[in-house]
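Let me begin by presenting the structure, written as structure tokens, before commenting on it.
The values are calculated or read from the model by the stated rules, or taken from the named source; none is laboratory data. This is a predicted model, so every value here is computed, not measured. FYI the Cβ positions are ideal-geometry reconstructions off the backbone, even for glycines, and counts take in every protein chain you see. For accessibility, only protein heavy atoms count, side chains too; no ligands or nucleic acids. Shrake-Rupley method; radii C 1.70, N 1.55, O 1.52, S 1.80 Å.
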Amino acid sequence: AIAVTPNDKMGLGEATFKVNRPTEVRPMMPNNVREGDAFTGGFTVMNRTDKDRTLRVEIKAAGDVANGVATSVSKTVQVGPYKREAITMPLAAAAVRDGAITFTIKAGDAQDADATTYTLPVLKTRVLESVADAGTTTDAQARIAFNVPRDVYTDTGGLRVTLSPTVLHNVEGAFT
């Protein structure tokens, strides 16, 4: 059912619709994945009918998946009425190339099928270091020595220098 409410402003509108398909797939993934992480990813498949169903499920993973890890699962599952079954696969994230693992899933039978694509971001593993130095001087110049490591990651972090004429600096946010 679709209900459309006209609006007196040009280009605006409102719509409500409900969908209840006999087959439903949903992702079941970790919240965060960093390069090198091993994890179990998967999907749930739900039978939204009042009869038992035999569903064929295919999951494929592409992108930043570590070498030697299976990137697909094909399985047939029995799913009871209004029940949900989990289909999982062990994975490991590779060093970041694409920045994500993209999953495609198809599940269904002769009656109905559902499919979706899910993108899981793969984050870089980097240790960021913050260093602060403070001092006072009445001289015309002040020097603070530092070294940039030879194997520094150029794609993460940065160098920032903040100079202040007083001891109290950058406190506006505390008083806002």
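The spacing between segment 139-153 and segment 48-91, judged by their C-alpha centroids, is 53 Å. Each label point was placed 7 Å from the Cα along the Cα-to-Cβ direction; for ALA132 and GLU172 their separation is 1.8 nm.
Our Cα-only numbers for segment 5-136 put the radius of gyration and Dmax at 21.0, 78 Å. Evaluated over the chain, the count of Lys pairs having alpha-carbon atoms less than 30 Å apart is 18 (only pairs 8 or more residues apart or interchain).
Once every DSSP H run of n ≥ 4 in the chain is given -39500 (n - 2.57) and the sum is divided by its residues, what mean residue ellipticity at 222 nm do you get, rounded to the nearest 500 deg cm²/dmol? Spell out each step's value before the answer.
Details: 1 runs with 4 residues, N = 176.
It lands at -500 deg cm²/dmol.
A cut-off under 15 angstrom between Cβ atoms defines the neighbours of ASN32, and their net charge, with Lys, Arg +1 and Asp, Glu -1, is 0. Peptides 57-64, 107-114, ordered by how many other C-beta atoms sit within 10 Å of their residues on average, highest first, read 57-64, 107-114.
Computed about its Cα centre, the charge dipole of segment 28-108 is approximately 360 debye, with only Lys, Arg, Asp and Glu carrying charge at their Cβ.
Can you give the FRET efficiency to the nearest 0.05 for ARG97 and VAL77, using r as the Cβ-Cβ distance and R₀ = 41 Å? Could the numbers behind the result be given before it?
Working: r = 32 Å, r/R0 = 0.79.
Efficiency, from the Cβ-Cβ distance: 0.80.
Quote the charge dipole size of segment 52-176 about the Cα centre in Debye, to the nearest 20; the model charges only the Cβ of Lys and Arg (+1) and of Asp and Glu (-1).
Numbers: 13 positive and 14 negative charges, 62 e Å.
It works out to roughly 300 debye.
Working from Cα pairs under 8 Å separated by at least six residues, relative contact order for segment 5-98 is 31 percent. Report the net charge of residues surrounding ALA66, where surrounding means a beta-carbon distance below 14 angstrom and charges are Lys +1, Arg +1, Asp -1, Glu -1. Around ALA66, the surrounding residues sum to -2.
Protein heavy-atom surface of segment 1-140, 1.4 angstrom probe: 50% of the accessible area is carbon and sulfur, with nucleic acids and ligands not counted.
Within 10 Å, Cβ to Cβ, of ILE105, how many net charges do the neighbouring residues add up to if Lys/Arg are +1 and Asp/Glu are -1?
On the way: positive: ARG26, LYS60, LYS106; negative: GLU58, ASP114.
Overall, the nearby charge balance is +1.
When Rg and the Kirkwood radius Rh are both evaluated on Cα atoms of segment 97-176, their ratio Rg/Rh stands at 1.32. Largest mean-square fluctuation among THR119, THR154, THR76, in a Gaussian network model of the chain whose springs join Cα atoms under 10 Å apart, belongs to THR154.
Just the number please: accessible area per residue for the chain, 1.4 Å probe, all protein chains included, in Å². Spell out each step's value before the answer.
Working: 13480 Å² over 176 residues.
In whole numbers, the chain has 77 Å² accessible per residue.
Entry note, the chain: relative contact order of 20 percent, from Cα contacts under 8 Å with a spacing of 6+ residues.
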